[in-house]
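These notes are about the structure you will find just below.
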Amino acid sequence: MTALLAAWYDLRDLSGISREITEWVQGWGPEWLASALSGLIGSLAILAVVGPTLLLLIWVERKLIARIQVRYGPNRVGPRGLFQPVADAIKLILKEELVPRAADKWLFFLPPVLVFIPALLVWGVLPFGPNMQVADLNVGVLYLLAISGTNVLVIFIAGWASNNKYALFGAMRVIAMTISYEVPVVLSLLAVVFFTGSMSLNGIVQWQQQEDLILLLLLPLAALTFFIGGTAELNRTPMDIAEAESEIVAGYHTEYSGMRFGLFYAVELLNAFALSALMATFFLGGWWLWGLEEWVPSWLILLAKTSMVYFVLIWLRGTLPRLRIDQLMSFCWKFLVPAGLLFIVVAAVERTVLLETDWDRTVALPVMAVINAAITLAVVVLYARTAGGPLARLPHAPIMARGRVGGLRAARELAEAAGGGD
Amino acid sequence: MCPESPPTSTRSEPVVVNLGPQHPSTHGVFRLKVTLDGEVVQDADMIIGYLHRSMEKLAEERTFTQNIPFTDRIDYLAAMSNNLAYCLAVEKLADIQVPPRAQWFRVLFAELQRIASHSLANGTFVNDCGAWQTPLMYMFREREKVLDMFEMTCGARLTTNYMRIGGVAFDPPPELLPAVRAFLDEMPDRIAEYASLTVDNEILVVRSRGVGVISAEAAINASLSGPVLRGSGVPWDLRKADPYCVYDQLDFDVPVGRNGDCYDRFIVRLEEVRQSVHILKQVVDNIPGGPWLTDVPLHLRPPEAEAYARVESPRGELGFYVVSDGGPTPLRFHCRAPSLINLTALKQMSVGGTLADAIVTLGSIDIVVGEIDR
């Protein structure tokens, strides 16, 4: 009994509860009941975490964006507007859900439901602590890539079933973009897998713990590629062309109203948070923080790191304009993919060096980190110099007429004086 | 010999997409019908008239003074400039002298209005490029201060109805000039802050450089004016070319673009805000005393004549053509609306680009639908 209580009250490892229960069931019941029960507890725990987090996320995102935009943000419902998401959800549920006459009724109904599934499944393999993980798949990375791929299908169903031109445009853009950006994401994760030698997410975190080094320092280019590719898959600014408000209204969910729209909106935030958590796990050491996880609950450390990445996402959303679809594509295929391939070669060479030689790893890894940082810097600077073409290199200030007034002749003279010519 | 199998062809045809009259980036109730081949614009049809209020006809039924409020509602984002242009036309028609104090106040408010209008135009332009509301909010902050000054002076923020035939309606309150001075002191920093966020932003540059290009020649042929014309490199500003009020006593420069694209129109507007601040700094120190309104009969009956007066409104050459038959109401009242004429170049600028480019181009022209439809 005391052992049970001790495990229950250990905040650092909440999986103790689940373990105690399953062990107790194993004592008298069949094996399948124990596994089923452990899975059920894990799923319920995720649902219990995700729901409130989602409500909080909406508030956090709106508040932060408001701060960036010199406004107050929601501040009427509840203390500091904290209950605004609840009020919004009630409003959305009460609203009429319109179905366009030309829409495919069944297909139209499916996407808001289906879109939640991948968003929730991602959390299944995420390690919140050394033992806190619903399923420690040894192919966790592959599982994640497969899950994120299904999202495209759901969005295309939404765009197609709406029978709306804006929605179809949005869906087409999503497909083109997500399929392209899947490649750099896979390449960046390949570099991670090369180094850690593990496809399990917990294995990747444990490798970072073992080597006392977060992968962001060792593989900066892979981290950058993963972050940019992930942002593209989320359809967030600066890559929100799928729902580009100023162009195609709301993209694939133009025709969705009421809580159906609310679900799309919620999943968008949830996916952004999941991406932040994955970024934290792969590249920032997950639940591990140089021994601090012995004192602070590991899931709090993961949450802190996730929030940091999420803040960067919100920051980008509040600051950057949107790229055009052809620019997004050329950025992916002309920069991210070659850079990812280059980095794979680098990672493979370094990994072989680590395996084949008996160099001191505490020296070899920092040296490799410095080399990789230099490569990243060189690649990014080189691209920044050449991107944009000659037009983008025109001066960013207008020509001043200096008292010259007139028509075409004056225009030509001014242009010549400025060195441009016609 | 086996029969040829029927060719399996995928049929593809252009899609017609309606942008508007209710669409997030049509700036009002303007409707753009684009024919798209994938994402590329093949044809763009502009459909206007959703905001038509028959102003020019209504104005023929009202006295010359009663028509001033109409001009507010023609270009509701630059009411002061419209007031000014109409009053200049009637003053030319009836040969009315305007006292110097009113002249300076007219310039003061016209330039404040230019700052407000250009701020909004640049904010919505960056918004159309996809920056999620942030630049718009920053620019609204500046515009709000200008509107506060309008409110301080004449009680209204948008539809000011402040200029009168023969001067201005009221002498502004004593706290106006200190407010303007404080605004001018902080404005250069605000413009620099704003420019640092947008002008050198790589995404904004690649989104708008080389997009919606119109050459100087084509711009002149299309009779464009204002920042759209100057963006194409033509140094044509009515404040320099045909000075009215006291602009010939003021020192300022006219910015022109290099390439005639959306980015040029954007930076030209930004520089014009800087120049307006420079003008205002000279104006606040030079306002003379004296009367601000000449005595003009309420039922003004100008002699049988016609007059056309033009000003450089934030959107371009804004002209009013007024004909009098000697009666208390104008026989003909016509407005040369810069938005309408600048808009005619939209098709030329956007065909061949993508849908996203067409939206950015529309944003860079800075239309006000109230002025297009009247």
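Suppose the filter is within 14 Å of chain B (Cβ to nearest Cβ) and either surrounded by fewer than 17 Cβ atoms within 10 Å (Cβ to Cβ) or within 26 Å of residue A:176 (Cβ to Cβ) (or both); does residue A:361 pass it? Before the answer, list the steps.
Details: within 14 Å of chain B (Cβ to nearest Cβ): no; either surrounded by fewer than 17 Cβ atoms within 10 Å (Cβ to Cβ) or within 26 Å of residue A:176 (Cβ to Cβ) (or both): yes.
No: the conditions fail for residue A:361.
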For segment B:246-267, which residues satisfy the criterion of being in a loop (DSSP other than H, G, I, E, B) and either within 14 Å of residue A:404 (Cα to Cα) or facing chain A (nearest Cβ under 10 Å) (or both)?
B:251, B:252, B:253, B:254, B:257, B:258, B:259, B:260, B:261
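Yes/no per residue for (1) away from every other protein chain (no Cβ under 14 Å); (2) without any contact (Cβ under 8 Å) to a residue 40 or more places away in the chain; (3) surrounded by 24 or more Cβ atoms within 10 Å (Cβ to Cβ):
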{"site": "B:326", "(1), (2), (3)": "yes, yes, no"}
{"site": "B:337", "(1), (2), (3)": "yes, no, yes"}
{"site": "B:345", "(1), (2), (3)": "yes, no, no"}
{"site": "B:351", "(1), (2), (3)": "yes, no, no"}
{"site": "B:359", "(1), (2), (3)": "no, no, yes"}
{"site": "B:365", "(1), (2), (3)": "yes, no, yes"}
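Okay, residues lined up against (1) within 15 Å of residue B:210 (Cα to Cα); (2) under 43 Å from the mean Cα position of the chain (by Cα):
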| position | (1), (2) |
| --- | --- |
| A:374 | no, yes |
| A:377 | no, yes |
| A:381 | no, yes |
| A:385 | no, yes |
| A:393 | yes, yes |
| A:401 | no, no |
| A:404 | no, no |
| A:408 | no, no |
| A:418 | no, no |
Given the structure, is residue B:270 more than 14 Å from chain A (Cβ to nearest Cβ) and not hydroxyl-bearing (Ser, Thr, Tyr)?
no
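Can you give me the ranges of the helices (runs of 4 or more DSSP H) entirely in segment A:178-240 with at least 2 residues that are within 14 Å of chain B (Cβ to nearest Cβ)?
Working: elements: A:201-211, A:215-218, A:220-234.
By residue number, A:220-234.
Please find, among B:165, B:191, the residue that is touching a residue at least 24 places away in the same chain (Cβ under 8 Å), in contact with a Ser or Thr (Cβ under 7 Å, 6 or more places away or on another chain) and within 30 Å of residue B:288 (Cβ to Cβ).
Working: B:191 fails: in contact with a Ser or Thr (Cβ under 7 Å, 6 or more places away or on another chain).
Among B:165, B:191, only B:165 is touching a residue at least 24 places away in the same chain (Cβ under 8 Å), in contact with a Ser or Thr (Cβ under 7 Å, 6 or more places away or on another chain) and within 30 Å of residue B:288 (Cβ to Cβ).
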How many residues of segment B:219-248 are buried (at least 24 other Cβ atoms within 10 Å of the Cβ) and basic (Lys, Arg)? The answer is 1
Sort out which residues of segment B:141-159 are closer than 15 Å to residue B:106 by Cα and among the β-branched types (Val, Ile, Thr), and write them in order of number.
B:146, B:153
Would you point out which residue out of B:218, B:222, B:241 is in contact (Cβ under 8 Å) with a residue 60 or more places away in the chain and within 12 Å of chain A (Cβ to nearest Cβ)?
B:218
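May I ask you to verify whether residue B:111 is more than 14 Å from chain A (Cβ to nearest Cβ) and crowded, with 23+ Cβ neighbours inside 10 Å?
Numbers: more than 14 Å from chain A (Cβ to nearest Cβ): yes; crowded, with 23+ Cβ neighbours inside 10 Å: yes.
Judged against the criteria, residue B:111 is a match.
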Pairs returned, first residue in segment A:138-165 that is surrounded by fewer than 16 Cβ atoms within 10 Å (Cβ to Cβ), second residue that is of a type in the set (Gly, Ala, Ser), beta-carbon separation under 6 angstrom, 6 or more apart or interchain, are A:138/A:200
Which one of the conditions (1) under 20 Å from the mean Cα position of the chain (by Cα); (2) more than 14 Å from chain B (Cβ to nearest Cβ); (3) buried (at least 19 other Cβ atoms within 10 Å of the Cβ) does residue A:272 fail to meet, given that it meets all the rest?
(2)
Would you call residue A:344 part of a helix (DSSP H, G or I), within 13 Å of chain B (Cβ to nearest Cβ) and in contact (Cβ under 8 Å) with a residue 60 or more places away in the chain?
no
Looking at segment B:7-25, is at least one residue of a type in the set (D, E, K, R) and at pLDDT 85 or above?
no
Would you be able to say whether some residue in segment B:266-287 is touching a residue at least 24 places away in the same chain (Cβ under 8 Å), farther than 25 Å from residue B:193 by Cβ and not aromatic (Phe, Trp, Tyr)?
yes
Any idea which residue in segment B:185-210 is nearest to the other protein chains (Cβ to nearest Cβ), counting only those that are crowded, with 18+ Cβ neighbours inside 10 Å and farther than 21 Å from residue B:357 by Cβ?
B:195
Test residue B:15 against the criterion of being surrounded by fewer than 17 Cβ atoms within 10 Å (Cβ to Cβ) and within 14 Å of chain A (Cβ to nearest Cβ), and give yes or no.
yes
Against the conditions (1) buried (at least 24 other Cβ atoms within 10 Å of the Cβ); (2) at pLDDT 85 or above; (3) on the phi > 0 side of the Ramachandran plot, where does residue B:130 fall short? Just the number, please.
(2)
Hits in segment A:365-422 - residues which are in a helix (DSSP H, G or I) and within 30 Å of residue B:243 (Cβ to Cβ)
A:408, A:409, A:410, A:411, A:412, A:413, A:414, A:415, A:416, A:417
Of the conditions (1) more than 15 Å from the chain's Cα centre (by Cα); (2) closer than 26 Å to residue A:149 by Cβ, residue A:300 fails just one. Which one is it?
(2)
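Among the candidates A:410, A:417, A:387, single out the residue that is surrounded by 16 or more Cβ atoms within 10 Å (Cβ to Cβ), small (Gly, Ala, Ser), within 14 Å of another protein chain (Cβ to nearest Cβ) and more than 30 Å from residue A:210 (Cα to Cα). Working first, answer last.
Working: A:417 fails: surrounded by 16 or more Cβ atoms within 10 Å (Cβ to Cβ); A:387 fails: surrounded by 16 or more Cβ atoms within 10 Å (Cβ to Cβ).
Going through A:410, A:417, A:387 in turn, just one is surrounded by 16 or more Cβ atoms within 10 Å (Cβ to Cβ), small (Gly, Ala, Ser), within 14 Å of another protein chain (Cβ to nearest Cβ) and more than 30 Å from residue A:210 (Cα to Cα): A:410.
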Only one of A:260, A:322 that is in contact (Cβ under 8 Å) with a residue 24 or more places away in the chain, of a type in the set (Lys, Arg) and not in a helix (DSSP H, G or I):
A:322
Residues within segment B:151-184 that are within 21 Å of the chain's Cα centre (by Cα) and either modelled with pLDDT of 90 or more or surrounded by fewer than 18 Cβ atoms within 10 Å (Cβ to Cβ) (or both), tallied
5
Residue by residue through segment B:216-245, note down the ones that are hydrophobic (A, V, I, L, M, F, W, C) and outside any helix (DSSP H, G or I).
B:222, B:224, B:234, B:236, B:245
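The values are calculated or read from the model by the stated rules, or taken from the named source; none is laboratory data. It should be emphasised that the depicted structure is a prediction, and the values quoted were computed from it without experimental measurement. Please note: Cβ atoms are built from the backbone with ideal geometry, for glycine as well, and neighbour counts cover all protein chains shown.
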